Amino acid sequence: MDCQKCKSNQDRVVATEGYSDRVRRRRECITCGHRWTTEERIIEEEPPREGTSFDCAGRLCRL
Ligand SMILES: [Zn+2]
């Protein structure tokens, strides 16, 4: 992840906090020392429902 201040992509994780379905990471830019926090979480992907199928163009469509 790029630093918001100097746009460097040289960052390191200084702390990690875990919750039930998400993780927070405290990051520090190696170049300028700027610190920020990122959060990761699970995004549920919906399975295709009954009544959906792919049309000729390969797109998901509802019948
Ligand atoms: Zn920086």
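The values are calculated or read from the model by the stated rules, or taken from the named source; none is laboratory data. Computed from a predicted model, the values in this text were never measured in an experiment. We place every Cβ from the backbone using ideal geometry, glycine too, and count neighbours over all the protein chains shown.
Counting only residues that are exposed (fewer than 11 other Cβ atoms within 10 Å of the Cβ) and part of a strand (DSSP E or B), how many does the stretch 17-31 have?
First, pick out the residues of the stretch 17-31 that are exposed (fewer than 11 other Cβ atoms within 10 Å of the Cβ): 18-21.
Cutting the leftovers down to part of a strand (DSSP E or B) gives us 18.
The total comes to 1.
For GLN4, only one of the following conditions fails: (1) at pLDDT 95 or above; (2) within 16 Å of the ligand (Cβ to nearest atom). What is its number?
With (1) at pLDDT 95 or above; (2) within 16 Å of the ligand (Cβ to nearest atom) applied to GLN4, the lone miss is (1).
Test ARG12 against the criterion of being at negative phi, at pLDDT 95 or above, assigned to a strand (DSSP E or B) and touching a Phe, Trp or Tyr at 6+ places or on another chain (Cβ under 7 Å), and give yes or no.
Values: at negative phi: yes; at pLDDT 95 or above: yes; assigned to a strand (DSSP E or B): yes; touching a Phe, Trp or Tyr at 6+ places or on another chain (Cβ under 7 Å): no.
The answer is no for ARG12.
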